[in-house]
Structure formats: C-alpha cells, structure tokens
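Here is the structure we will look at.
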Amino acid sequence: MTKTPSLRTRLSHLGRPGHHIHGLVNPPVHRGSTVLYPDVATRDAHRGQVFKRTLTYGLEGNHTHMALEDVVAAIEGGQHAVIVPTGLAAITTPLIAYLKAGDHVLLPDSFYGAGREFSDDMLPRMGVACSYYRPSAPVAEVEALILPNTRVLYLESPGSYTFEMQDVPALTALAKRRGLVSMLDNTWGILAFQPFEHGVDVSIQALTKYVSGHSDVMLGAVIVNTEADWHIVRETALLLGMYASPDDCWLALRGARTMALRLERQLASAIEVAEWLAARPEVQEVRFPALPGSAGHEIWKRDFTGGASLFGVVFQPGYRTAAVNAMVDSLELFGIGASWGGYESLALPVGTSLTRSFGSTYPQGEAVRFHVGLEDPADLIADLDQAMQKLSANTLG
C-alpha cells in the first residue's frame, strides 16, 4: 500500500504473522516459565537483554505478550506498552516507577476508587505525599498546588464515576513547563483520544474493559512514547513481578480485532439511551461528555474522535436511596456490576460510594452509572421505562 492503513484496519492485522502465510489466522498461545538455551554462551548473551524483547524467562514475557504490547501501543499511538495483570496494576506500577520517598503527587479528586485507596494508604507508607485537585480546576489553580517536591501530575478524563472532563493539553503543558511527569488514565478514551498527541507522558489502560470486551479477562497496560520511559516502567513492572497470563493476553488480542466495531455500536446506543434518560422528569442531569449539553461536552468535541458507552445519571433531589436501588433492582436487561466495557449493559448506584476532598459537590442527588452494551437500544429503553415508572410511584421526600 502507498499509505499507512487506518488504525481500524491495522487492528485486524497487528500482532499476527499476516495473511500471506500457510497456517492459522490467529497466533498460538505461548505458555511457559522455563526458557531453554542451546548452550551456556547463548544464555549468557541473553541475560540482561529484557529491553531487546528476547526470550529469557517466563516472567519477562513471551511472543503472546509481545504481540499484545504491539497492538496496545498502536492503539494509543505510543512506542511501547507494558502489559500488567490488572487495570489497577496499570495505575500503581507507573506511580511506583516515578515516585520515591520525599516526592509529592497531584491527583484529580475524581480519581478511580481503588487507585485512591492506593494513594491514600500505600504511597504515604512509601514516604510519598499525595494531594488532590478539582478535576475541572483551571491551570492556575492546579499550578498553585505544585510543591518543590512534586514529581507527578495525574489525570483521569473523564472520571469513571463522575465523568468530569479535564483539559488534558493545558494540564500536560503545565506539567512539561514545571518538569513533572504527566500520567493519564485513558481507559474511557480508548480509540477516541490519542494521549501522546496531547502531551501525555504515560498512558494507562484497563484492558479488562473494551479491549477484552467480554467481561472475562483481568488485564492492564502502561503505554509510553520514549525509550527512557519504557525502561523506567518495564524495569519497575519486572521488579514487582507484574506478570500477565498469556491466556488473558490472547483473549485480549482476540477482543482487539472487533473493538472498533463494538465501540462504534455501543457509543451510538449509549447516546440514544442517554438522550431518552435526559428527557425523563425523574432525571436531574446526565453526565456523559459525548452528549450535547452535558458537562465537558465542549472539551470532548475538541479533543475526542469518539467515546465510551459509560455515563452517569443524577436523579432529582428527593428520591431516596432505597427507591433508586429498587429501580435498579427492577431492571431486567442491566446487570448490577462494577466493571464495564463488555458486551452487556450494566447499572450501578454510585452516589454513596464516592470519596471527595472538596465536598459533595457531585452528585447532589442519587446517582447511577450506566454502561450500554450490544443489546438493542430500544429494548434497553423499554426496560428503563418500566423501571422509571416504578421509581415515579415512590413519592418524593
């Protein structure tokens, strides 16, 4: 070809031998701990060559891991990816890699819950100080919180519970000006936001979500765009024993082939469902950056080419927690679960589970996080309609 194919095309071809071969379409799963060498001299030559992607020992990965690394790096537009066993490990590994005792990290107040537990509990034990900033704060407000020992500026846009959007280009420009490492949890923006084009140093992905796509894999990735950053992150991952199952890596490779198609369909369905919910009298606000009129939509329109099918709904003040929970319980097509990005729709009450440092500014009413799967959106709306009628039957107050 005379031009580079689009990412959607490359997702069908990356990480496998190609179609002009005699053999099976998909690469095999490589499992193993021990790597054998023909002689001692060859083994000695391979020792310490972990950055040359040679087979040395099972913990350091094999051809299955490397294939997934290539695919994920291409998705994010980076040079290298480090595969880790969970999305949480994708958060904690780079924080450990770039922070040491005496350092300080700035985190958004919308930080993913399990990551916040790590930063509030484990990082102080390591001698690292943590501060939170308003996700939507202007650059000057964030800059005022930078200390002489601040090392990392962490971003999550949108927040996976509150869907607050951040001005990533402005914040990464601040980080570069002040000599900080910028990290972004880009799980919601996969395929829709190119982190390194917007100044991010380290991108974080929970491959458990859309890449795997079938709610049966735990996996994460840390993606970087320089050799120096790759050495820092990969070395830390190896020292921590961050090994991902090759079976899970193979499933993620399979999921990546259809991810673009699934995301396109799920986003369209999510917008249809969100528009219906926004028109309901029971709903105070729909928090969905891809929805016109929603908070953060202008940033989304400027920086994103698509989006995820995950959004939040805040109900009118006066609906009790028990009534909203009963509404969720009455849904027939939505499972009640904490993960997302799979083929199935989910609903999860979140209003009482959020930890914030700047007061309970969101939500001001009961809130439910919805994930829209591959079901027919008309069926999902019909299910929501019967549940909303039951909610309305519960009197306010």
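Any read-out appearing in this document is the output of simple, stated calculations on the displayed coordinates, not a laboratory observation. All figures in this text were calculated on a predicted structure; none of them were measured in a lab. In this analysis, Cβ positions are derived from the backbone assuming ideal geometry, glycine residues included, and neighbour counts consider all displayed protein chains.
Miscellaneous remarks
- For TYR133, the residues whose modelled amide H falls within less than 5 Å of its own, excluding neighbours fewer than 5 places apart on the same chain, are LEU107, ASP109.
- If R0 is 25 Å, the Cβ-Cβ spacing of THR305 and GLU272 corresponds to a FRET efficiency of close to 0.85.
- Model label zone, LYS176; criterion: amide N under 17 Å from point 7 Å along Cα-to-beta-carbon; scope the stretch 203-229: 203, 224-229
- Length released on extending from ASP329 to GLU117, taking residue separation times 0.36 nm less the Cα-Cα span: 73.5 nm
- Full-extension gain in nm, LYS390 to THR4, via 0.36 nm per residue minus C-alpha separation: 133.7 nm
- For the chain, a Gaussian network of Cα nodes joined below 10 Å ranks ARG257, ARG280, ARG234 by mean-square fluctuation, and the top entry is ARG280.
- In degrees, nearest ten, helix 377-393 long axis to first principal axis of the chain (Cα): 40
- Helix-only CD estimate at 222 nm, as mean residue ellipticity for the chain, using -39500 (n - 2.57) per DSSP H run (n ≥ 4): -11500 deg cm²/dmol
- Residues in the stretch 205-246 that a label on LEU59 would reach, taking backbone N under 14 Å of a point 7 Å out along Cα→Cβ: 235-244
- Among residues other than GLN79 with Cβ under 9 Å from its Cβ, the summed charge is -2 (Lys and Arg +1, Asp and Glu -1).
- Taking Lys and Arg as +1 and Asp and Glu as -1, the other residues whose beta-carbon sits under 10 Å from that of ARG134 total -2.
- Geometric descriptor of the chain, per residue, is 159 Å³ (volume of the convex hull of the Cα atoms).
- Order of MET259, MET122 - criterion: other Cβ atoms within 10 Å of each residue's Cβ, fewest first: MET122, MET259
- Per the Cα gyration tensor, the stretch 259-393 maps to an equivalent ellipsoid with semi-axes of 22, 19, 14 Å, ordered largest to smallest.
- Cα-based helix-to-principal-axis angle, 63-76 vs the chain, degrees rounded to 10: 50
- For the chain, the longest principal axis of the Cα atoms and the long axis of helix 321-330 meet at an angle of about 70 degrees.
- Phi angles across the stretch 220-232 convert, under the Karplus curve 6.51 cos²θ - 1.76 cosθ + 1.60 with θ = phi - 60°, into 3J(HN,Hα) values of x, 8, 10, 10, 9, 10, 9, 4, 4, 5, 4, 4, 4 Hz, Gly and Pro given as x.
- Amide H contacts of SER157: ASP185, each under 5 Å away and 5 or more positions distant or on a separate chain (H built 1.01 Å from N in the peptide plane; Pro and chain starts excluded).
- Antiparallel bridge percentage (DSSP; both residues within the chain; nearest 5): 55
- Extension reserve of the ASN26-PHE358 stretch, reckoned as 0.36 nm per residue once the Cα distance is removed: 114.6 nm
- Across the stretch 45-57, rounded Karplus estimates of 3J(HN,Hα) from the backbone phi angles (6.51 cos²θ - 1.76 cosθ + 1.60, θ = phi - 60°) give 5, 8, 5, x, 9, 5, 8, 9, 6, 9, 6, 10, 6 Hz, Gly and Pro being marked x.
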